[in-house]
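Below is one structure, written out as structure tokens; the observations come after it.
Throughout, read-outs are computed from the coordinates displayed, never taken from laboratory work. Bear in mind the structure is a predicted one, so any value in this text is a computation, not a measurement. Cβ placement follows ideal geometry from the backbone for every residue including glycine, while neighbour counts extend to all protein chains displayed.
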Amino acid sequence: MKLLVTGGAGFIGSNFVRYFLREHPEDEVVNLDALTYAGNLENLSDIEGDPRYTFVHGSITDRDLVFDLVKDVDAIVNFAAESHVDRSILDADAFVKTNVLGTLVLLDAALAHGKKRFHHVSTDEVFGSLGPDDPAFDENTPYAPRNPYSASKAASDHLVRAYFHTHGLPITISNCSNNYGPYHFPEKMIPLFISNLKEGKTVPVYGDGLQIRDWIYVEDHCSGVDAVLQKGKIGETYTLGDDNEVKNLDLTKTMIGLLGLSEDRIEFVKDRPGHDRRYATNSSKAREELGWEAKTTLEEGLRLTIDWYEDHKEWSDRCKSGAYKEYYEKNYGSK
Ligand code: NAD
Ligand code: TYD
């Protein structure tokens, strides 16, 4: 199979490209990425020379480019997105352009070239915020996004499903919970906190810190996306998560403990507007239909992640300074 992966230079996309090439030695990957601030080709420097891997610099909103690329692949996995909630609160424009209009371009291209297999990577955030006693999100939970990021992802999910019902496009969707692990851009909570703690700084916990997230190690998400791509029923949605509900404050204390530091490094800061209180996922459909399950416990995953950031301090520093952008210019010419 020749797979078009979009957003493959980002956090989850780069982990997925590496996972996919390792698990499918006969298959090829074309990675289409616009290299926004979140796209970092250093994430994939180890597979650069692999003849089964090609990088294409461009946007999923570029119709001519996308139609050209889709013609030559068997399937598409769409990771490309603007993904940070805090940025969407400051300016939602790029979120609608990439997440909604970009997805539409990919769907149109998949349709135009003989109904190519299309997997759309989405988030549990489209379901909104749970109360303390609400059941976890699953495939039947109504959509109720509450911030511009999740609203744009919800819109894209609806379009993907509409192309199945209206045009018979062979799609699947996965809605996954919060990921963490290697190559996570240090603006998101876990890598930001690890990096601040290592540098002797405080960590900014929003509001009372009692918001709950359901964390999954990124490699487990990658195996879930692959399982849906290979075995998922066409037209269906799969919830992926790991039953790892934890309050932000408790997670922060765990990270501080793993690093052997003191809790006086916690700094409570102004809350995020529209901050969703609780996410939780029920992945029983994926477990039963696909035989998939997350394998990494939160404790193990945090350890692996802290160790990874310890071993890749330069990677993290280059993300923060912006120096990672030089990698593209050096290897692919200037933009
Ligand atoms: P990320 O921000 O780290 O990476 C996004 C990638 O998409 C970057 O490489 C960026 O350059 C690229 N991109 C952005 N706009 C583009 C465009 N117009 N054309 C082509 N490429 C473009 O995001 P991530 O955390 O890796 O998330 C990947 C996907 O997984 C997203 O669709 C996100 O909604 C979804 N998701 C993320 C999480 C999470 O916890 N991070 C959880 C569930 C689902
Ligand atoms: P984040 O990593 O931004 O993911 P998302 O908003 O997609 O869930 O945030 C995870 C949780 O951590 C969320 O409840 C917001 C909180 N948070 C902080 O308390 N401080 C921070 O500096 C950041 C970035 C997030």
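In order along the stretch 157-166, phi translates into HN-Hα couplings of 4, 4, 5, 4, 5, 4, 5, 6, 5, 7 Hz, rounded to whole numbers, per the Karplus curve 6.51 cos²θ - 1.76 cosθ + 1.60 with θ = phi - 60° and x for Gly and Pro. For the stretch 1-41, applying the loop criterion from DSSP together with a ceiling of 15 other beta carbons within 10 Å to the chymotrypsin sites (Phe, Trp or Tyr not before Pro) yields Tyr37.
With only Cα atoms counted, the chain has Rg and Dmax values of 19.1, 59 Å. Couplings for the stretch 102-107, taken from phi via the Karplus curve 6.51 cos²θ - 1.76 cosθ + 1.60 with θ = phi - 60°, read x, 4, 4, 4, 4, 5 Hz in order; Gly and Pro are left as x. Note on the chain: antiparallel DSSP beta bridges, both residues inside, total approximately 10 percent of the bridges counted. Out of residues 5 or more away from Ala75 or on other chains, whose amide H comes under 5 Å of its own, with H placed 1.01 Å from N in the peptide plane? Result for Ala75 returns Lys2, Leu4. Distance between the modelled labels on Glu26 and Glu314, one decimal in nanometres: 3.9 nm (7 Å Cα→Cβ projection). If you run the Gaussian network model on the chain, springs between alpha carbon atoms under 10 Å, then out of Ser284, Ser14, Ser262 the most flexible one is Ser262. Principal-axis analysis of the Cα atoms of the chain puts helix 189-198 at an angle of about 50° to the longest axis. Annotation: amide H of Gly10 within the under-5 Å range of Asn40, sequence separation 5 or more or interchain, hydrogens built in the peptide plane. Annotation: extensible slack from Asp64 through Lys198 equals 43.7 nm (criterion: 0.36 nm per residue apart, minus Cα-Cα distance). Whole angstrom only: what separates the Cα centroid of the stretch 1-28 from the Cα centroid of the stretch 186-206? Between the Cα centre of the stretch 1-28 and that of the stretch 186-206, the gap is 29 Å. Only lysine pairs 8 or more places apart or on separate chains count here, and in the stretch 223-335 those with Cα atoms under 22 Å apart total 13. Compute the separation of the alpha-carbon centres of the stretch 101-126 and the stretch 266-333 and state it in Å as a whole number. Computed from Cα coordinates, the inter-centre distance equals 24 Å. Our helix-only sum for the chain, with -39,500 (n - 2.57) per DSSP H run of n ≥ 4 divided by its residues, gives a mean residue ellipticity at 222 nm of -12000 deg cm²/dmol. For Tyr206, the residues whose modelled amide H falls within less than 5 Å of its own, excluding neighbours fewer than 5 places apart on the same chain, are Val269. Modelled label positions at Ser321 and His167, each set 7 Å beyond Cα in the direction of Cβ, lie 4.6 nm from each other. Give me the angle, in degrees from 0 to 90, between the Cα long axis of helix 11-23 and the longest principal axis of the Cα atoms of the chain, rounded to the nearest 10. Rounded to the nearest ten degrees, it is 60. Treating the angle as unsigned and between 0 and 90°, give the value, to the nearest 10°, between the Cα long axis of helix 218-231 and the longest Cα principal axis of the chain. So the inclination is approximately 30 degrees.
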